[in-house]
Structure formats: C-alpha cells, structure tokens
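Here's the structure, in structure tokens; my notes come after.
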Amino acid sequence: MKNWNKSNIPSDLNNKTYIITGTSSGIGTVLAYELAKRGAKVIAGNRNVDKAKQALDKVKTKTEDLSSLLILPLDISSLQSVRNFSKIIEKDNAITHIDGLLLNAGIMALPERQVTIDGYELQMATNVLGHHLLTSLLLPKIKLAPRAVIVSTTSSASSTVNSTRIWDDLNAENKYDPWEVYGVSKIAAVQFRDGLLELIKKAKLENQIFLLSTHPGLTATPLFDVSKGIFATVFRSIRSSFMMDVNKGALSTLRATIDETLPNGSFIGPKGLTGMSGYPKPIKIYNPKLSLDPNLRKKMWNYCDKVTGANWSF
C-alpha cells in the first residue's frame, strides 16, 4: 500500500461509533477530531472535560460540525470512574454498538512514584488497569458491532525493559524506576492485545472483533513535559527538529481503526528506518522476547483481573 494517511479515511463515518480515552491533548485530540468531523459518533472520556473541549475548539474550523462528539468525565486511573463512565455508555440507548475502542490515554515516566485513590501505582493504573477494566465493561456493546476494533497503544520504550523482575512487583512497591515502569506498561499493551485475542478466538469471534496495538513513533506530545531522566531530556531537546507532529503521530491509531485489510493481532507503527517516524504500516513488535512471553502475559493478565475485578463474559 502507498503511504497511508488521512486521505485513506472514508469521508462518511456516520454509521460508526467510537470511544476514545484521553483526548484533551496530543494524539487523542487528533483522533477525536478526525473521526467526529467525518460524522462518526465519538464518545471521548477525559479527566478534565473542559480541557478536552478547549483542545477540540482549537483545531476545528468555524464551519465544521462536531455535534456527533460527546465528551464525558473519565479518570482512567480510577476504577470507580471507569465503572461510572461504562454505566453511562451501557444505559445510553442511542449507543447501540461500539465499532471502535481506542485505548489512548496515558502518562509517561513520572519522576516520583504516585498511587491512585485505589492504591495502585499511577502509571500502571492509567496505562494498563483502567483500560483493562474499561474494555471488559464495554464488551457487550462491542460485540453488537458487525466489525469492531480494539486498539491498545504501546511504545518503543518497551524495548528498554530487559528484566522480568517487575512482573513480580507490578505495583512498583519494592522498586520504582520511572522508565522501567513506563516500559512495562507499554509491554502490557501488547500483552493485553494477545490475551484478549486468545479469549476472542475461544469465543469464535476473531472475524468480528479485531485486536490491534499501535506505536505512534517519536511524536511531540505533552507526555514528555513531566517525564524524568536522560531520555526525556534528550527528547525534549529535539522535539521541534526531529519529532513528528501529533497529526502524523496519530496515523498509526487511525489506520488501525479504519483499515479493515489489517489482520487480527497486527502491530502498526511508522515504517521509517528507525521505526520512530514515517507513515504507518504493520511492523515487528518491540522487545518480542518479553512482550510475547506467554508466562509474563499470564502474570500481567491475572494481576489486572485480580485488582480490577474484570469479568470477561462472552
């Protein structure tokens, strides 16, 4: 395929319904905007609803109609907030099905260990636990779509993890290394894809529900503003010169959402030489030794089920 870009997105998405987490800045704003302006019903979950509305106001033109976009409160790091958000979706009769669930919200390499209201390390809660529970709760309406896609967001930072130690300390209580915890949370995005795909296949729904993971490339997003360490310092210094802008960084997730020719279980990311920039295409998974280890995947899945209470009923 030629370079996949926004021109490949159908102009009319009026019959589609998408749920996106984290649209108040960066890639999430682009995802919500590009889908909603084509008529898709977009439900965006955000901790700060006003900030999310302002972000969309900045990118849309005066003549564009984004009335199909609904922004609801969702603190993805809070299990109760996830349940409250899901209950709204469940009870809304206008949302008859969900064509796409885009698990986009995330935080990166917080300098100090922080815990959520539920007592879980904040990066894992935001990047992993909340999305795990959310998907399980929305599954009934996802199953009602003729073809549904669930997209999890990973990162090349998953390659920085070289020890299996943290799978025995997923709440980072014994040791907190900002980039290690972030890297494992991004490995978890691939483990989630494969764990859920395994359940989907057992339920014989693999031709109806598609699980894909994406890597946005090296994109200039607000994630770098609060992260710590030499990686963050270097990335901030090259932001304007070498990083992709958020419109190009969003292409991997947009392609995973829209392109129905992609095989189930695909990993989509920039096709450039370094995998950090370029147009999206199916690529190899970062850190496959750990990302694809079935024992580590089972540990992560069991941990997520245990602390969230997720129920995978087909």
Fully extended contour minus Cα-Cα distance, from Glu112 to Lys299, at 0.36 nm per residue
64.8 nm
Using all alpha carbons of the chain, what is the percent of pairwise distances in each 20 Å bin, ordered from the shortest bin to the longest?
35, 61, 4
Diffusion constant of region 65-128 at 20 °C, which comes from Stokes-Einstein with the Kirkwood Cα-pair radius and 1.002 mPa s, µm²/s:
157 µm²/s
Using a simple spin-label model with points 7 Å from Cα along the Cα→Cβ vector, what separation in nm is obtained for Arg83 and Lys143?
2.1 nm
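Hey, what number do you get for the chain at 222 nm if only DSSP H runs of n ≥ 4 count, each worth -39500 (n - 2.57), divided across all residues, to the nearest 500?
Details: 11 runs with 116 residues, N = 314.
Calculated mean residue ellipticity at 222 nm is -11000 deg cm²/dmol.
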For Ile209, enumerate residues with amide H under 5 Å from its amide H, sequence gap 5+ or separate chain, H modeled in the peptide plane.
Ala148
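Kindly sort Glu260, Glu198, Glu173 by accessible area of their heavy atoms, largest first, with the probe set to 1.4 Å. Display every interim value, and only then the final one.
Working: Glu260 110, Glu198 85, Glu173 135 Å².
The ranking, largest first, comes out as Glu173, Glu260, Glu198.
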Pop a pseudo-label 7 angstrom from the Cα along the beta-carbon direction at both Lys60 and Trp312 and give the gap in nm to one decimal.
3.7 nm
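Can you give the charge dipole size of the chain about its Cα centre, rounded to the nearest 20 debye, using +1 on the beta carbon of Lys and Arg and -1 on the beta carbon of Asp and Glu? Walk me through the intermediate numbers first.
On the way: 39 positive and 27 negative charges, 123 e Å.
My answer is approximately 600 debye.
Find me the longest stretch of the chain that has none of the exposed trypsin sites (Lys or Arg not before Pro), where exposed means in a DSSP loop (not H, G, I, E or B) with at most 10 other Cβ atoms within 10 Å. Write down the numbers at each step before the final one.
Details: sites that count: Lys2, Lys62, Lys204, Lys284.
Looking at the chain, 63-203 is the longest stretch - no exposed trypsin sites (Lys or Arg not before Pro) with at most 10 other Cβ atoms within 10 Å.
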Could you work out the local net charge near Leu197, counting Lys and Arg as +1, Asp and Glu as -1, over the other residues with Cβ closer than 12 Å to its Cβ?
+1
Neighbour net charge for Asn14 - beta-carbon separation under 12 angstrom, K R +1, D E -1
+1
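In this model, which of Lys143/Lys299; Lys248/Lys299; Lys51/Lys248; Lys37/Lys143 are farther than 31 Å apart at the alpha-carbon?
Numbers: Lys143/Lys299 26 Å; Lys248/Lys299 34 Å; Lys51/Lys248 22 Å; Lys37/Lys143 25 Å.
The pairs that break the limit, which is 31 Å between Cα atoms, are Lys248/Lys299.
What are the DSSP H helices in the chain that stretch 27 Å or more along their long axis, judged by alpha-carbon atoms, and whose average Kyte-Doolittle hydropathy comes to at least -0.5? All intermediate terms of the calculation are to be shown ahead of the outcome.
On the way: long enough: 178-202 (36 Å, 0.15).
Span-like helices, by this rule, are 178-202.
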Centre separation in Å (Cα based) which lies between region 138-194 and region 9-47:
23 Å
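The values are calculated or read from the model by the stated rules, or taken from the named source; none is laboratory data. Predicted, not measured: the structure shown is a model, and the values here were computed from it. Virtual Cβ from ideal backbone geometry, glycine too; neighbours counted across all protein chains shown. Remember, those area values only see protein heavy atoms, side chains included, never the ligands or the DNA or RNA. Shrake-Rupley method; radii C 1.70, N 1.55, O 1.52, S 1.80 Å.
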